[in-house]
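Student: The structure's right below; bear with me while I get my questions together.
The values are calculated or read from the model by the stated rules, or taken from the named source; none is laboratory data. All values derive from a computational prediction rather than experimental measurement. All Cβ positions, glycine included, derive from the backbone under ideal geometry; neighbour counts span all protein chains shown.
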Ligand SMILES: Cc1ncc(COP(=O)(O)O)c(C=O)c1O
């Protein structure tokens with residue numbers, strides 16, 4: 001099938017840009033002696049996770065939520081790190097059942113009560129201590145981390161594996177210089193923690209973290225073992241505008257949309273609105289050409305089902321014409337769709353189910 005015969009709005013993934021992204025990130029990691037642990041929260045597809053693993057040099061795949069980890073493991077992804085803590089009793093029970101069935105599941109924790117609840121499940125958990133990179137979302141403070149690790153070590157059903165430090169607050173700092181300086185400050189603190197734990201005889205084999213925005217800097221940290229990059233293989237307008245990121249990773253994932261009305265002088269109306277593109281106030285998507293936003297084209301929100309597309313008069317698309325948009329924010333946009341169409345040039349070559357869609361419980 002040809003791409004522009006797809007029913008729209010449709011998410012399309014350009015095979016060449018996707019493969020280039022996998023290759024570039026794998027090369028960045030390998031040159032620094034690191035592994036990849038790609039984050040499936042971005043694409044929410046076990047088929048895409050399997051492609052990332054096949055590309056090589058991976059320690060495993062990350063999941064943000066228990067529901068995502070369940071699907072990944074059941075679909076044959078063997079090593080899954082759950083990067084968010086699981087706290088509610090009913091979910092801890094589900095987590096324990098999952099671990100019993102799939103030993104390759106690793107988890108993160110940041111609370112002593114939570115450690116005790118996990119320990120009581122009667123299953124051996126592999127645990128990373130999550131540290132707070134001064135963002136405050138999750139994680140123990142650096143100063144409290146050695147005592148927290150000792151708590152993990154003291155509980156018979158918990159195996160301490162290492163440290164997670166993910167500075168989500170720094171990924172979108174626009175200036176490369178400022179982003180680099182800020183992330184290295186945090187990751188150096190994480191590295192010092194790893195050295196301290198090892199000096200105390202605590203077996204800290206892993207330091208994992210990083211995202212698409214800071215990976216190129218963080219790989220300089222010798223103690224870092226693997227990088228949890230997510231957006232790099234899909235990309236969006238928010239990331240595209242970050243210095244050094246858009247040039248390295250053009251938008252592989254775009255949204256096809258059809259012109260459904262062209263009665264207005266200033267814009268045409270297309271069939272991609274809030275139900276097809278996740279809303280962001282400051283980063284509307286633009287027409288994509290070769291994965292790069294095209295100057296002179298812009299999108300504006302026009303309700304649930306529609307968008308306004310502004311473009312130069314001489315390039316105005318006709319009624320029924322299919323246009324291509326970069327995404328405002330890839331992760332929550334993907335979560336609105338059932339399928340990503342993998343395309344080589346104009347040809348649709350595979351349907352990739354977004355089988356982690358809605359699995360946020
Ligand atoms: C814990 C964790 N690791 C890695 C990532 C991947 O980040 P990015 O999409 O910036 O590459 C995220 C994204 O939010 C995350 O929450």
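Student: Looking only at region 33-45, filter to residues that are more than 20 Å from residue 11 (Cβ to Cβ) and touching a helix residue (DSSP H, G or I) at 6+ places or on another chain (Cβ under 9 Å); which one of those is surrounded by the most Cβ atoms within 10 Å (Cβ to Cβ)?
Tutor: Here the answer is 36.
Student: It is to be established whether one or more residues within region 249-269 are within 13 Å of the ligand (Cβ to nearest atom), out of contact with any strand residue (DSSP E or B) (no Cβ under 9 Å at 6 or more places or on another chain) and under 16 Å from residue 166 (Cβ atoms).
Tutor: no
Student: Give region 138-187 a look and list any residue that's farther than 17 Å from residue 212 by Cα, in contact with a helix residue (DSSP H, G or I) (Cβ under 8 Å, 6 or more places away or on another chain) and within 16 Å of the ligand (Cβ to nearest atom), or say none.
Tutor: 140, 162, 163 - these are the residues of region 138-187 that are farther than 17 Å from residue 212 by Cα, in contact with a helix residue (DSSP H, G or I) (Cβ under 8 Å, 6 or more places away or on another chain) and within 16 Å of the ligand (Cβ to nearest atom).
Student: Quick one: is residue 320 assigned to a loop (DSSP other than H, G, I, E, B), more than 25 Å from residue 242 (Cα to Cα), free of Cβ contacts under 8 Å to residues at least 60 places away in the same chain and away from the ligand (no atom under 16 Å from the Cβ)?
Tutor: no
Student: How many residues are part of a loop (DSSP other than H, G, I, E, B), touching a residue at least 40 places away in the same chain (Cβ under 8 Å) and more than 14 Å from the ligand (Cβ to nearest atom) if we restrict to region 188-214?
Tutor: So the count comes out to 5.
Student: Can you confirm whether residue 112 is modelled with pLDDT of 95 or more and under 19 Å from residue 228 (Cβ atoms)?
Tutor: no
Student: Please determine, by comparing only the residues of region 215-233 that are within 8 Å of the ligand (Cβ to nearest atom) and part of a loop (DSSP other than H, G, I, E, B), which one is nearest to residue 132 (Cα to Cα).
Tutor: Result: 228.
Student: Okay, moving on. Does residue 256 meet the test of being within 28 Å of residue 62 (Cβ to Cβ) and crowded, with 17+ Cβ neighbours inside 10 Å?
Tutor: no
Student: So which of 307, 291, 320, 303 is modelled with pLDDT of 95 or more and crowded, with 16+ Cβ neighbours inside 10 Å?
Tutor: Matching residue, one of 307, 291, 320, 303: 307.
Student: Quick one: is residue 237 crowded, with 21+ Cβ neighbours inside 10 Å and within 13 Å of the ligand (Cβ to nearest atom)?
Tutor: no
Student: Now for a separate question. So how many residues does region 121-159 have that are free of Cβ contacts under 8 Å to residues at least 24 places away in the same chain and either more than 25 Å from residue 186 (Cα to Cα) or part of a helix (DSSP H, G or I) (or both)?
Tutor: So the answer is 4.
Student: Looking only at region 139-168, count how many residues are closer than 22 Å to residue 36 by Cβ and surrounded by fewer than 21 Cβ atoms within 10 Å (Cβ to Cβ).
Tutor: Of the residues in region 139-168, 1 are closer than 22 Å to residue 36 by Cβ and surrounded by fewer than 21 Cβ atoms within 10 Å (Cβ to Cβ).
Student: Turning to a different aspect of this structure: Is it the case that some residue within region 14-21 is within 13 Å of the ligand (Cβ to nearest atom), buried (at least 24 other Cβ atoms within 10 Å of the Cβ) and in a helix (DSSP H, G or I)?
Tutor: yes
Student: Which members of region 28-43 meet the condition of being over 19 Å from residue 76 (Cα atoms) and either out of contact with any strand residue (DSSP E or B) (no Cβ under 6 Å at 6 or more places or on another chain) or outside any helix (DSSP H, G or I) (or both)?
Tutor: Selection gives 28, 30, 31, 32, 33, 34, 35.
Student: Condition (residue is within 16 Å of the ligand (Cβ to nearest atom) and either out of contact with any strand residue (DSSP E or B) (no Cβ under 6 Å at 6 or more places or on another chain) or in a loop (DSSP other than H, G, I, E, B) (or both)) applied to region 293-312: is it met by at least one residue?
Tutor: The answer is no; no qualifying residue exists.
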